[in-house]
Structure formats: structure tokens, C-alpha cells
1. Name the one entry in Glu92, Glu64 that is touching a helix residue (DSSP H, G or I) at 6+ places or on another chain (Cβ under 8 Å), in a loop (DSSP other than H, G, I, E, B) and charged (D, E, K, R).
2. Residues being among the hydrophobic types (A, V, I, L, M, F, W, C) and either surrounded by fewer than 20 Cβ atoms within 10 Å (Cβ to Cβ) or touching a Cys at 6+ places or on another chain (Cβ under 9 Å) (or both): count how many of those fall in segment 96-107.
3. In contact with a strand residue (DSSP E or B) (Cβ under 8 Å, 6 or more places away or on another chain) and at pLDDT below 95: does that describe Ile118?
4. Just a yes or no: is a residue in segment 97-105 under 15 Å from Gly45 (Cβ atoms), touching a residue at least 12 places away in the same chain (Cβ under 8 Å) and assigned to a loop (DSSP other than H, G, I, E, B)?
5. Residues of segment 1-34 being among the small types (Gly, Ala, Ser), surrounded by fewer than 20 Cβ atoms within 10 Å (Cβ to Cβ) and not in a loop (DSSP other than H, G, I, E, B), which ones?
6. Residue under question is Ile85, and the condition is that it be of a type outside the set (Ser, Thr, Tyr), closer than 17 Å to His61 by Cβ, surrounded by 14 or more Cβ atoms within 10 Å (Cβ to Cβ) and touching a Leu at 6+ places or on another chain (Cβ under 9 Å); does it hold?
7. Which residues, counting only those in segment 1-34, are out of contact with any strand residue (DSSP E or B) (no Cβ under 6 Å at 6 or more places or on another chain), among the small types (Gly, Ala, Ser) and free of Cβ contacts under 8 Å to residues at least 40 places away in the same chain?
8. Tell me, yes or no, whether segment 68-89 has at least one residue that is closer than 20 Å to Pro2 by Cα, in contact with a Pro (Cβ under 6 Å, 6 or more places away or on another chain), at pLDDT 95 or above and assigned to a helix (DSSP H, G or I).
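The values are calculated or read from the model by the stated rules, or taken from the named source; none is laboratory data. These numbers come from a predicted model, not from an experiment. Note that each Cβ is placed from the backbone with ideal geometry, even for glycine, and that neighbours are counted across all protein chains shown.
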Amino acid sequence: MPNIFIKPETLAFKNNNPGNLRFAKQTGAEPGEGGFARFPSPQEGYSALVRQVELDAGRGHNFETFINKYAPPQENDTGGYLKFITDELGVEPDTLMSDISAENIARAIAWKESNTKITDTQQEQIDKMLKVYGGSL
């Protein structure tokens with residue numbers, strides 16, 4: 001599980017919810033402030049965000065259709081949100097979400113939603129290096 005640093009004094013921080021997911025009876029969640037889900041820990045909130053991204057990717061969403069659902073125009077600057085996410089990931093709005101890692105999408109959303117910084121743990125960094133270098137450093 002990555003390290004998760006949510007900006008203090010935000011709804012995301014109070015709710016342990018870096019993606020500001022609306023409460024929808026997610027596993028382990030309870031109703032939180034502002035209509036958002038409250039999770040027991042930032043890690044559980046981040047895991048719920050990754051699961052939501054995976055679910056929507058599996059439904060065939062591209063970034064434009066997903067962002068219109070996730071950050072609807074009646075509540076957000078959806079066009080600006082879409083531009084931020086696609087610029088962050090280096091993709092076009094019509095790119096299928098399933099073509100991009102759910103982790104990378106979730107990290108971009110958490111950054112946009114709450115200035116949450118997500119970093120790999122030291123072990124995850126070592127594992128990635130071992131994979132790149134064929135098992136030996």
C-alpha cells in the first residue's frame with residue numbers, strides 16, 4: 001500500500017477520502033461530512049478510489065465519459081477537471097480508462113480532488129527496481 005499524504009483541514013482529510021468519493025455504502029465506509037464517504041484510514045479511502053476506477057474502466061468508460069460522471073458539470077468545472085486528468089496522464093479524452101493503470105488514474109484524481117500526494121513505499125520502490133533489473137540490483 002502506498003504512502004498517502006492528504007492535505008490537512010480538507011474534507012478529504014476529515015473523511016480519509018482522497019478521491020472525495022460520495023458515500024455509496026462502500027465497504028468499510030460510513031456517511032461523512034459533505035455527503036462524502038468517511039473511511040477508517042486514508043489507505044482504505046484510497047483503495048476504494050482505485051476500486052471505483054477499476055469498476056468504471058470495466059464499464060467501458062473513456063476519460064471524457066468517466067469525468068462527466070465523476071465530476072458532473074452541476075458541481076464542478078468538468079472541462080477543467082478533464083483537462084487536468086488527461087494532461088496529468090498524457091492521454092486524450094477519448095482514451096479508454098482500461099488502457100491506463102487504475103493506480104495512475106487514482107493518483108491523478110486524488111491530486112486533483114484534494115492535493116493528495118501518493119508515493120510508493122520503500123518496498124514497492126525496491127520491487128519495481130527488481131522487476132526492471134531482472135531480479136538483481
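1. Sole residue among the options that is touching a helix residue (DSSP H, G or I) at 6+ places or on another chain (Cβ under 8 Å), in a loop (DSSP other than H, G, I, E, B) and charged (D, E, K, R): Glu92.
2. Selection size over segment 96-107: 3.
3. yes
4. no
5. The one that is among the small types (Gly, Ala, Ser), surrounded by fewer than 20 Cβ atoms within 10 Å (Cβ to Cβ) and not in a loop (DSSP other than H, G, I, E, B): Gly34.
6. For Ile85, the condition - of a type outside the set (Ser, Thr, Tyr), closer than 17 Å to His61 by Cβ, surrounded by 14 or more Cβ atoms within 10 Å (Cβ to Cβ) and touching a Leu at 6+ places or on another chain (Cβ under 9 Å) - is not met.
7. Correct list: Ala24, Gly28, Gly34.
8. No, there is no match, as no residue in segment 68-89 is closer than 20 Å to Pro2 by Cα, in contact with a Pro (Cβ under 6 Å, 6 or more places away or on another chain), at pLDDT 95 or above and assigned to a helix (DSSP H, G or I).
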